[in-house]
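Asker: Just dropping this structure here.
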Amino acid sequence: MPVIEVIFGGVILGGLYALVAMGFNLQYGVARIVNLAYGEFLMTAAFAAFWMFTLFGVNPILGMFLSVPAAFGANWLIYRVLMTPLARRARTRDQLEGETILATFGLLFVLRGAATIAFTANDRYYDYLGEPLRLLGFTFAANRVLAFATAGVIATAVWVVLQFTRFGVALRALAIDPVGAQLVGVDVRRLSALAFACGGALAAAAGTLVSTFLSFNPAIGIEFTMKALVVVIMGGIGNMLGSLAAGLMLGVAEALCSYYVDSGLTLAVAYALFLIVLVVRPRGLFGTA
Amino acid sequence: MLEIDGLNHSYGRHRALNDVAIRVRSGEAVAILGANGAGKTTLLNAIVGLIRPSAGSIRFRGVELVGLPARRIVGEGIAAVTENRHLFGSMSVTENLSLGAYSRRARDAAPDGMARVFELFPRLAERRGQAVRVLSGGEQQMVAVGRALMTRPLLLLLDEPSLGLAPLIAGELFAALTRIVDEGAMSILMVEQNARRALKMVNRAYLLSLGRIVGEGAAKALAEDRAVAESYLGL
């Protein structure tokens with residue numbers, strides 16, 4: 001396999017990491033909640049896609065029109081019910097971060113436990129567009145290409161909303177300076193809840209896409225959460241373009257590692273990359289003073 | 001227009017505001033003079049809703065503000081330039097100013113407001129695409145004032161607008177503020193260490209000491225008062 005093909009494979013994986021990280025970044029950067037249960041929503045959406053596909057033959061991409069709004073609603077509710085009391089009593093954003101780590105750590109086990117009981121711990125997969133696709137003279141699995149393209153469309157849409165709409169600009173303002181945001185009339189509670197819900201919706205979209213080309217089980221969530229955390233910190237908290245770049249970097253690094261060294265070492269590569277970035281650029285790739 | 005009565009606020013055992021009463025009339029510019037730690041910033045933060053005072057009433061055009069969140073107070077027509085400016089550093093000048101027009105009352109007037117801010121502060125027009133954090137302190141203060149003006153306030157609160165600025169740029173800033181005052185379309189309540197400069201601009205001033213109002217008068221009279229001059233003008 002030529003190196004170009006390996007790199008393309010990494011870009012495909014990286015595009016997905018970028019999407020996963022953008023959702024995490026909305027929750028962390030805007031609502032200031034370190035959601036350790038983030039990956040569980042990804043996992044739940046993967047199962048939802050699996051059941052919809054195997055039981056009813058629903059196309060996973062179309063199924064997203066059901067699972068993504070459902071995840072949005074569920075995450076909005078989680079913010080209102082579980083996170084609002086914490087946000088209300090936290091005196092500083094750092095304190096809120098600490099408390100939400102504990103709360104969502106608990107949520108992680110609840111969701112994972114429930115999924116294990118409901119779906120068993122077995123690996124699942126389904127065959128959707130598994131046939132090879134020739135592209136620019138290289139061969140890829142069609143489902144991976146579709147997943148990448150869909151992730152690209154969604155990530156671009158998120159970026160456009162954040163960059164050019166009133167709502168998006170307010171979300172970015174809230175991520176930068178919540179007091180400043182209040183001074184111009186931004187409703188911090190409401191927008192935090194919406195940002196958290198949007199983050200959950202992106203997790204569901206990513207979970208659906210993952211399920212089309214990887215096998216999964218109720219325990220996969222935490223790995224995606226950790227990777228999202230790594231990508232978000234590498235790219236800069238609240239910085240969506242940073243997440244995109246860092247996600248792609250991670251995907252390519254992992255692909256190169258698994259092809260040339262050992263596929264069991266990909267997580268080690270992720271953390272090595274993370275450490276290097278933290279040492280060289282402590283505020284992230286695009287961070288400033 | 002703004003009526004503050006019996007305002008008290010404590011941080012633990014420290015009483016930052018003690019039975020403060022202040023009036024600002026429509027179109028009037030009022031200064032609050034006082035040494036560091038007199039309670040000036042606490043007072044402004046209470047008006048704008050960033051802290052909730054322990055007791056007292058703040059009424060603006062008949063609406064009680066105590067207990068309202070900051071975003072509602074913006075909607076009532078009060079804008080603040082706080083001591084640390086709370087700008088959106090990685091965003092451009094234009095984006096910061098547009099965010100000033102976020103509230104419903106300001107939205108439709110955003111294009112006019114932006115033109116007006118650039119007319120008041122031509123420096124900002126030259127730097128409109130730059131990230132705010134790379135601007136000088138004085139330019140950032142202009143963005144902060146501009147963002148506040150974009151909310152279409154009826155009352156503009158300013159916390160030490162010239163603090164830490166080079167004299168030249170502080171002069172530019174005060175010239176713009178004086179123009180706003182002279183137009184009489186909005187009221188101004190400012191806290192300022194540079195009492196001499198402040199008294200030239202405002203109609204009236206209060207003297208705040210250790211959380212209490214200890215004096216009040218027309219700016220002209222205060223500027224000529226020997227006792228005031230000794231305590232507040234550093235003579």
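The values are calculated or read from the model by the stated rules, or taken from the named source; none is laboratory data. Quick caveat: nothing in here was measured; it's all calculated off a predicted structure. Quick reminder, even Gly has a Cβ in these numbers, built from the backbone with ideal geometry, and neighbours come from all protein chains shown. Just the protein is used for accessible areas: all its heavy atoms, side chains included, with ligands, DNA and RNA removed. Shrake-Rupley method; radii C 1.70, N 1.55, O 1.52, S 1.80 Å.
Asker: Quick one: how many residues across the stretch A:130-181 are part of a helix (DSSP H, G or I), open to solvent by less than 50 Å² (accessible area, probe 1.4 Å) and within 30 Å of B:Val74 (Cβ to Cβ)?
Answerer: 14
Asker: Let me ask something else. Within the stretch A:3-88, which helices (runs of 4 or more DSSP H) (wholly inside it) include 2 or more residues that are open to solvent by less than 30 Å² (accessible area, probe 1.4 Å) and more than 29 Å from A:Gly242 (Cβ to Cβ)? Give the steps one after another, and end with the answer.
Answerer: Details: elements: A:3-25, A:38-56, A:60-78.
Qualifying helices (runs of 4 or more DSSP H): A:38-56.
Asker: Would you check if there is a residue in the stretch B:81-98 being β-branched (Val, Ile, Thr), within 11 Å of chain A (Cβ to nearest Cβ) and in a loop (DSSP other than H, G, I, E, B)?
Answerer: The answer is yes; a qualifying residue exists.
Asker: Go through (1) under 18 Å from B:Phe88 (Cα atoms); (2) under 17 Å from the mean Cα position of the chain (by Cα); (3) among the small types (Gly, Ala, Ser) for A:Ala149 and report which single condition fails.
Answerer: So the condition that A:Ala149 fails would be (1).
Asker: Then there's this: Taking B:Ala70 and the conditions (1) under 18 Å from B:Met201 (Cβ atoms); (2) open to solvent by less than 10 Å² (accessible area, probe 1.4 Å), which numbered condition does it fall short on, given that it satisfies the others?
Answerer: Failed condition: (1).
Asker: So which residues in the stretch B:80-102 are among the hydroxyl-bearing types (Ser, Thr, Tyr) and open to solvent by 40 Å² or more (accessible area, probe 1.4 Å), if there are any at all?
Answerer: Residues satisfying the conditions are B:Ser90, B:Thr94, B:Ser98.
Asker: I'm told B:Ser57 meets every condition in (1) buried (at least 16 other Cβ atoms within 10 Å of the Cβ); (2) away from every other protein chain (no Cβ under 14 Å); (3) part of a strand (DSSP E or B); (4) of a type in the set (Gly, Ala, Ser) except one. Can you identify the failing condition by its number?
Answerer: Going through the list (1) buried (at least 16 other Cβ atoms within 10 Å of the Cβ); (2) away from every other protein chain (no Cβ under 14 Å); (3) part of a strand (DSSP E or B); (4) of a type in the set (Gly, Ala, Ser), B:Ser57 breaks only (1).
Asker: Considering only residues of the stretch B:67-80 that are more than 7 Å from chain A (Cβ to nearest Cβ) and in a helix (DSSP H, G or I), which is nearest to B:Glu160 (Cα to Cα)?
Answerer: It comes out as B:Ile73.
Asker: Right, next: Take the stretch B:123-147 and flag every residue that is among the aliphatic types (A, V, I, L, M) and either closer than 22 Å to B:Asp182 by Cα or more than 12 Å from chain A (Cβ to nearest Cβ) (or both).
Answerer: Taking the stretch B:123-147 and keeping what is among the aliphatic types (A, V, I, L, M), we get B:124-125, B:131-132, B:134-135, B:142-145.
Listed by number, the residues that qualify are B:Leu124, B:Ala125, B:Leu135, B:Met142, B:Val143, B:Ala144, B:Val145.
Asker: Kindly indicate the residue of the stretch A:182-207 that is within 14 Å of chain B (Cβ to nearest Cβ) and in a helix (DSSP H, G or I) and also most open to solvent (accessible area, probe 1.4 Å) among those meeting that condition.
Answerer: This residue is A:Arg190.
For (1) more than 14 Å from chain A (Cβ to nearest Cβ); (2) of a type outside the set (D, E, K, R); (3) surrounded by fewer than 23 Cβ atoms within 10 Å (Cβ to Cβ), each residue gets a yes or a no:
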| position | (1), (2), (3) |
| --- | --- |
| B:Leu149 | no, yes, no |
| B:Pro153 | no, yes, yes |
| B:Leu158 | no, yes, no |
| B:Leu163 | yes, yes, yes |
| B:Ile169 | yes, yes, yes |
| B:Ala176 | yes, yes, yes |
| B:Ile180 | yes, yes, yes |
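Asker: Of the residues in the stretch A:112-129, how many are in contact with an Asp or Glu (Cβ under 8 Å, 6 or more places away or on another chain) and either under 18 Å from A:Gly10 (Cβ atoms) or open to solvent by 50 Å² or more (accessible area, probe 1.4 Å) (or both)?
Answerer: 1
Asker: Of all residues in the stretch A:93-108, count the ones that are farther than 17 Å from A:Met226 by Cα, among the acidic types (Asp, Glu) and either open to solvent by 70 Å² or more (accessible area, probe 1.4 Å) or modelled with pLDDT under 90 (or both).
Answerer: Total satisfying the criteria: 1.
Asker: Whether any residue in the stretch B:173-191 is more than 18 Å from B:Ser26 (Cα to Cα) and acidic (Asp, Glu) is what I want to check.
Answerer: No; the residues of the stretch B:173-191 include none that is more than 18 Å from B:Ser26 (Cα to Cα) and acidic (Asp, Glu).
Asker: B:Arg105 passes all but one of (1) part of a helix (DSSP H, G or I); (2) open to solvent by 40 Å² or more (accessible area, probe 1.4 Å); (3) away from chain A (no Cβ under 11 Å); which number fails?
Answerer: Only one criterion in (1) part of a helix (DSSP H, G or I); (2) open to solvent by 40 Å² or more (accessible area, probe 1.4 Å); (3) away from chain A (no Cβ under 11 Å) is unmet by B:Arg105, namely (3).
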